[in-house]
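For reference, the structure discussed in these notes is given below.
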Amino acid sequence: MKHMICNAIAAVLLSAALVSCTKGFDEMNVNPNSPTPDSVDPNYLISPIIVSSTLEVNIYQRIHNLYNDTFAQYFANDKYTSNVCVPNDDWSQEYWNKVWGWISGLNEVIRTCSGNEKYVNSVQIARIWRVWIFSRTTDLFGDIPYSEACDGSGKPAKYDTQKDIYYDFLKELTEASEAIDLNGRNLGTSDFIFKGDMARWKAFANSLRLRLAMRLSEVDPAKAKLEAEAAVKADGGMLSGIEDDVKILRKENYYQFDGGALYYSAANLYSRSRMTMSSSMQKLLTNLGGQPFPKKDIYTSVPDYIDPRGTIYFNVTSEFTNAGAGYRGRWKGVTPGYTKAVAAEKENACTNNSRLGTYFLTKNKVKDADAAFTISFDREQVLMYYAEICFLKAEGACRGWNMGGSAEDFYKAGIIASMKEVEIEDDVIDAYLNSTMPNLYGTTVPFNDKTSDKHNSQLAKIITQKYLANFPDNSWEAWNDYRRLGMPSLDPFAMPETGYVLEAGAMDWKGSLRRLIYPAKEKLTNEANYNEAVARLSDGDNTTSRMWWDCRTNIED
């Protein structure tokens, strides 16, 4: 009954907020219900926003799967999806509309509860989650409405610069973490992430601060260093083990999720099948760490050696993966960026290539591609992996920042954590850490086995392992790192539409899209502020324009 009340209240609030925000910023935050802490428990307003902003079905499929997963090349696009380099305005508009509904609801909690000791933790959670939502949005588009967004003024909202937005993110996370009362009232069973544990919210705020500080590494290194070092030292610490992974919980005593939301996170229903490994993923995993390919003798086309996560992440084709005759027994990815016609060819069909592993689809975490399986809806989506924090610290230490330890130690800890996530044995991990066999881009595992090759520098090793460790749920960060650093090595999109990349076939920033185009309706509903924001972009409102933190022009050794 509690969850029914929660959803009903949230629906009223968010519907009002969405209507007010999507008709243009001149009507923002008109809320006829005017909820107060006395009339509506703010905790029941926060929880549905957290769920919707991570699991809403259409948003997950379109923005997470079909945008970020393919931009980061965790997966290849297929015949059912549009060209990977051409954003779909309807998808972008739907996400844009949802954002202002979520932000309006969180702003309402902050406005009505600030100064109320009973709800001090509710306010801090709302502030932290507002940063989470805004950070994803600015990383997709660049400059966005921020300081005036959904502020109730009734005036059109200006687009803040990404620099100002990021500086405020770091301030907000610092203040929210410090203001959390570990002994105060929490969200209890309405907390679908930490079950009411405010110490974990504190650690999450600090960890998110480190992630966002690192985003500034190329454009504002002094600020990045200052904030990263402060985040590591902040009271409350950070994620400290894989048991601290930040997850959206699916336990039935916390929330009755729509099964469709998980299905999108496990399978691309738009193509009626699981998502397909990209050729870039295949090259990154092949030979890395020098471990023998399991059951190689029964397969027709697989490498001799592989990163042990490779066959867990992606299945070998088999009768149970519905591979066609002549395509069974191979572990193979598809070149990213094919047109629909080329993606539809049998050689590139998703069922005839390696697809998302059954480990992520089944209750009992099946690893055998030759075993029949039934997709489970119980899997919890990971929002932040502990391994990512290890690699962020490793990168900071590699840059000479004080992260509280050595880059090599953090690097190894990240690899071990990633391997433990998918239950790889200790002896295999040890062998992997000591192997100098390079992957198909030339990257090896041992931290000190570095060369002058840009693909095998210590930074390249860190980002390669971070990319692999963030699979499958954190393609957002994988794409961000590729834009920020040009790492890890990825193939250029094969057949980009003219005008959506600077140079077709080029590696790194010239051969990939850098941002999403603003939704077309912005030109009509917030014209003056939209035009001002577009004027700041290097190449106008196009996917070739680079946002503030995406400023590097070469890959450093």
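The values are calculated or read from the model by the stated rules, or taken from the named source; none is laboratory data. What you are looking at is a predicted structure, and each value in this text was computed from that prediction instead of being measured. No Cβ is skipped: glycine too gets one built from the backbone with ideal geometry, and neighbour counts run over all protein chains shown. In case anyone asks, the SASA skips ligands and DNA or RNA and just uses the protein heavy atoms, side chains included. Shrake-Rupley method; radii C 1.70, N 1.55, O 1.52, S 1.80 Å.
Some points to look at:
- Once C-alpha pairs closer than 8 Å and six or more residues apart are averaged by separation and normalised to the residue number of the chain, the relative contact order reads 17 percent.
- By average C-beta atoms within 10 angstrom, highest first, the peptides 200-209, 128-137, 401-410: 200-209, 128-137, 401-410
- Degrees between helix 458-469 axis and first principal axis of the chain (Cα, 0 to 90, nearest 10): 80
- Sorted from greatest to least, the principal axis extents spanned by the alpha carbons of segment 86-227 come out as 47, 37, 28 Å.
- Projected over all directions and averaged, the alpha-carbon convex hull of segment 185-232 occupies 3.7 nm².
- Once the chain from Glu380 to Asp426 is taken as fully extended at 0.36 nm per residue, the excess over their C-alpha distance is 14.1 nm.
- Model label sites at Asn58 and Ala535, defined 7 Å from Cα along the beta-carbon direction, differ in position by 3.4 nm.
- Carbon-plus-sulfur accessible fraction, segment 114-249 (probe radius 1.4 Å, protein heavy atoms only): 46%.
- Under 16 Å from Lys363, Cα to Cα: lysines that are on another chain or at least 8 residues apart: Lys251
- The smallest convex shape that holds all Cα atoms of segment 515-557, its convex hull, gives 67 Å³ per residue.
- Computed over segment 381-432, the alpha-carbon pair-distance distribution with 10 angstrom bins reads 28, 44, 26, 2, each value a whole percent.
- Taking the longest Cα principal axis of the chain as reference, the axis of helix 386-398 is set at about 80 degrees.
- Taking all protein chains together and rolling a 1.4 Å probe, Lys118 ends up with roughly 110 Å² accessible.
- Rh by Kirkwood over Cα pairs, then Stokes-Einstein D for segment 461-557 at 0.692 mPa s and 37 °C, µm²/s: 223
- Averaging the sequence gap over all C-alpha pairs within less than 8 Å and six or more residues apart, then dividing by the number of residues, gives segment 345-417 a relative contact order of 20 percent.
- Aspartates and glutamates whose Cα lies under 14 Å from that of Lys420, excluding same-chain neighbours fewer than 8 positions away: Glu243, Asp244, Asp245, Asp307, Glu388, Asp430
- 17 Å cut-off, amide nitrogen to a point 7 angstrom out along Ala372 Cα→Cβ, residues in segment 300-336: 318-323
- Peptide packing: for 336-347, 84-95, the average count of neighbouring Cβ atoms within 10 Å per residue gives the ranking 84-95, 336-347, highest mean first.
- Over segment 420-540, accessible surface divided per residue gives 39 Å², non-protein components excluded, 1.4 Å probe.
- Helix-derived mean residue ellipticity, 222 nm - over the chain, DSSP H n ≥ 4, -39500 (n - 2.57), to 500: -12500 deg cm²/dmol
- Label point of Glu345 set 7 angstrom out along Cα-Cβ; within segment 488-519, amide nitrogens under 20 Å from it belong to 491-498, 504-506.
- Share of carbon and sulfur in the accessible heavy-atom surface of segment 293-447 [1.4 Å probe, %]: 49
- Cross-link partners of Lys340 among lysines (Cα-Cα below 21 Å; sequence separation of 8 or more within a chain): Lys79, Lys332
- Each peptide among 67-78, 485-496, 537-548, 462-473 gets the average number of other Cβ atoms lying within 10 Å of its residues, and from highest to lowest they stand as 67-78, 462-473, 485-496, 537-548.
- The portion of the accessible surface of segment 58-102 made up by carbon and sulfur, rounded to a whole percent, is 40 (1.4 Å probe; DNA, RNA and ligands excluded).
- Per residue, the convex hull spanned by the alpha carbons of the chain comes to 135 Å³.
- Extended-chain gain in nm, criterion 0.36 nm per residue less alpha-carbon gap, Ser114 and Ala199: 28.6 nm
- Part-to-part distance (alpha-carbon centres) for segment 190-215 and segment 295-358, which is given in Å: 37
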